[in-house]
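Enquirer: Supplied in structure tokens, the structure appears directly below.
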Amino acid sequence: MTLSSLDQTNKRVLMFGGKGGVGKTTTSAATALHYALAGRRTLIISSDLTPSLSDIFETQIGPTERSVSGVENLDALEIDPDEVMRRWKARFGAQVYQAASALVDLPYDEIVDYVAMAPGIQEEFMLDYILEHIRDGHYDLIVWDTAPAGDTLRLLGLPQRFIEHLRVAPRVYLEVQDTFKLSQTPFLEIIESWKELAQQTTDFFSDPANVEFIMVTIPEALGVYQSGRVIADLEKHGLDVHYLIVNDVIVAPDCGFHQQRMDMQRPYIQMLDDEHGDRMTLIKLPLLPYEVKGVERLKEVEGILFGSGGSS
Ligand SMILES: Nc1ncnc2c1ncn2[C@@H]1O[C@H](COP(=O)(O)OP(=O)(O)OP(=O)(O)O)[C@@H](O)[C@H]1O
Ligand SMILES: [Mg+2]
């Protein structure tokens, strides 16, 4: 089976997740290439703190979107938390300072830095930052190479937690306002606008019409157990997983060593199939004899994943 049924959907964000080292970057890069070659304006984003898009595309990628050399319609971006924070400050810093300086007499940077540390703000803004690239109309599709599993789940839960966090803020503010006899309420307006922003982000990322989550795993005990847990957690967040890529599958062993590994993999592939096969498309990606680096190699992986070439 292949990823080709994704072609018929009009998802705006394809998230690739899974534990460390299973092939998230490889499969997300091959998928981004697939859609760029098909003419969709595609942006691949990595939110991993040690991203490897530069290595796989053999192009220097940075915290602002850059085109991938030699591929039309494909840009890439490695998210840098400092850059996300810089944008947050540029967008909200003045507002925050104006509101808070009525209460405390502190320098601009101290106030803004302090508020920026509130739980969830950074993650919420990162999601919003990703969303911005869709909203501003520059891209038809974002392929998101996420950081290893747990972080992504936490991230998806954060806008909601952020909203809950903000819920108490107006009450606190109103008490303070009374004490300080403040007449203006810009702070309440900021809180309201943040709540709205966080709600929009939550709505977008929890809507299956916008987002497809593609799970990547390997046919080994840790891969099988962890993917089961992550899939269950995602479902709790309202994101059903429809695609499971099983990577590093040995298909044509030509020595005892590989035969042994193939025998080791077989029951795990069976387990994945038994557990998820009825509601997910399982795509087997063979262990290749070369490292997947550069556009030509990625095209080979793309061919396998989408069924337009190679073996399946
Ligand atoms: N099917 C495959 N055959 C051969 N090599 C592969 C295959 N899939 C991935 N690799 C290689 O395995 C390594 C890890 O893959 P990749 O970087 O895509 O994993 P990842 O899940 O993004 O890792 P991390 O969690 O560290 O970001 C890379 O060197 C890649 O070239
Ligand atoms: Mg990676």
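The values are calculated or read from the model by the stated rules, or taken from the named source; none is laboratory data. The shown structure was predicted, so the numbers you read here are calculated from the model rather than taken from an experiment. Glycine also receives a Cβ, built like all others from the backbone with ideal geometry; neighbour counts cover every protein chain displayed. Quick note on the areas: whole protein, heavy atoms, side chains included, nothing else; ligands and nucleic acids left out. Shrake-Rupley method; radii C 1.70, N 1.55, O 1.52, S 1.80 Å.
Enquirer: Taking interchain pairs and intrachain pairs at least six residues apart, which have beta carbon atoms under 6 angstrom, with the first residue in region 125-149 and among the charged types (D, E, K, R) and in a strand (DSSP E or B) and the second at pLDDT 85 or above and open to solvent by less than 10 Å² (accessible area, probe 1.4 Å)?
Expert: So the pair list comes out as D145/F16; D145/S28; D145/S46.
Enquirer: Would you pick out the residues in region 100-124 that are open to solvent by less than 70 Å² (accessible area, probe 1.4 Å), closer than 20 Å to A198 by Cα and in a helix (DSSP H, G or I)?
Expert: Selection gives V112, D113, V115, A116, I121, E123, E124.
Enquirer: So, D248, is that one in contact (Cβ under 8 Å) with a residue 60 or more places away in the chain and either within 16 Å of ligand 2 (Cβ to nearest atom) or acidic (D, E) (or both) or not? Quick ask: steps written out before the conclusion?
Expert: Numbers: in contact (Cβ under 8 Å) with a residue 60 or more places away in the chain: yes; either within 16 Å of ligand 2 (Cβ to nearest atom) or acidic (D, E) (or both): yes.
Criteria met by D248.
Condition check ((1) without any contact (Cβ under 8 Å) to a residue 60 or more places away in the chain; (2) in contact with a strand residue (DSSP E or B) (Cβ under 9 Å, 6 or more places away or on another chain); (3) more than 16 Å from ligand 2 (Cβ to nearest atom)) across all residues:
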{"site": "Q8", "(1), (2), (3)": "yes, no, yes"}
{"site": "A32", "(1), (2), (3)": "no, yes, no"}
{"site": "G39", "(1), (2), (3)": "yes, no, yes"}
{"site": "I61", "(1), (2), (3)": "yes, yes, no"}
{"site": "L77", "(1), (2), (3)": "yes, yes, no"}
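Enquirer: A further question on this structure: Name the residue that is farthest from T201 (Cα to Cα), counting only residues in region 213-268 that are at pLDDT 95 or above and of a type in the set (F, W, Y).
Expert: Across region 213-268, the extreme among qualifying residues is F257.
Enquirer: Here is a follow-up. State all residues of region 275-299 that are closer than 19 Å to F57 by Cβ and over 24 Å from the mean Cα position of the chain (by Cα); if no residue qualifies, say none.
Expert: L288, Y290, E296
Residue-by-condition table, conditions (1) outside any loop (DSSP other than H, G, I, E, B); (2) of a type outside the set (D, E, K, R); (3) surrounded by fewer than 23 Cβ atoms within 10 Å (Cβ to Cβ); (4) under 19 Å from the mean Cα position of the chain (by Cα):
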residue	(1), (2), (3), (4)
D7	yes, no, yes, no
A29	yes, yes, no, yes
L49	no, yes, yes, yes
S54	yes, yes, yes, yes
T64	no, yes, yes, yes
A76	yes, yes, no, yes
D82	yes, no, yes, yes
K89	yes, no, yes, no
A94	yes, yes, yes, no
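Enquirer: Regarding region 27-36, can at least one residue be identified that is within 30 Å of I111 (Cα to Cα) and within 14 Å of ligand 1 (Cβ to nearest atom)? Walk me through how you get there before you give the answer.
Expert: Going residue by residue through region 27-36, those that are within 30 Å of I111 (Cα to Cα) are none.
No: region 27-36 contains no residue that is within 30 Å of I111 (Cα to Cα) and within 14 Å of ligand 1 (Cβ to nearest atom).
Enquirer: Still on this structure, I have one more. Taking the stated definitions as given, is F204 of a type in the set (A, V, I, L, M, F, W, C) and over 23 Å from A30 (Cα atoms)?
Expert: yes
Residues checked against (1) open to solvent by 70 Å² or more (accessible area, probe 1.4 Å); (2) within 19 Å of T27 (Cβ to Cβ); (3) of a type outside the set (K, R):
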{"position": "I231", "(1), (2), (3)": "no, yes, yes"}
{"position": "H242", "(1), (2), (3)": "yes, yes, yes"}
{"position": "M271", "(1), (2), (3)": "no, no, yes"}
{"position": "H276", "(1), (2), (3)": "no, yes, yes"}
{"position": "E302", "(1), (2), (3)": "no, yes, yes"}
{"position": "L305", "(1), (2), (3)": "no, yes, yes"}
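Enquirer: Looking at this structure, is E291 on the phi < 0 side of the Ramachandran plot and in contact with a Gly (Cβ under 8 Å, 6 or more places away or on another chain)?
Expert: Criteria not met by E291.
Enquirer: Out of the residues in region 222-234 that are without any contact (Cβ under 8 Å) to a residue 60 or more places away in the chain and over 15 Å from G20 (Cβ atoms), which is farthest from ligand 1 (Cβ to nearest atom)?
Expert: Filtering first and then ranking leaves A232.
Enquirer: Scan region 284-300 and report the pairs whose first residue is closer than 18 Å to V216 by Cα and whose second residue is within 6 Å of ligand 1 (Cβ to nearest atom), with Cβ atoms within less than 6 Å and a gap of 6+ or a chain change.
Expert: L285/N247; L287/D248; V292/T26
Enquirer: Something else: If you go through region 37-47 one residue at a time, how many are part of a loop (DSSP other than H, G, I, E, B) and within 16 Å of ligand 1 (Cβ to nearest atom)?
Expert: Within region 37-47, the first condition is being part of a loop (DSSP other than H, G, I, E, B), and the residues that meet it are 38-41, 47.
Now restrict to residues that are within 16 Å of ligand 1 (Cβ to nearest atom): 47.
Number satisfying all stated conditions: 1.
Enquirer: Could I ask something else about it? Name every residue in region 9-26 that is near ligand 1 (Cβ under 7 Å from one of its atoms) and in contact with a Phe, Trp or Tyr (Cβ under 7 Å, 6 or more places away or on another chain), in order of residue number.
Expert: Within region 9-26, just K24 meets the criteria.
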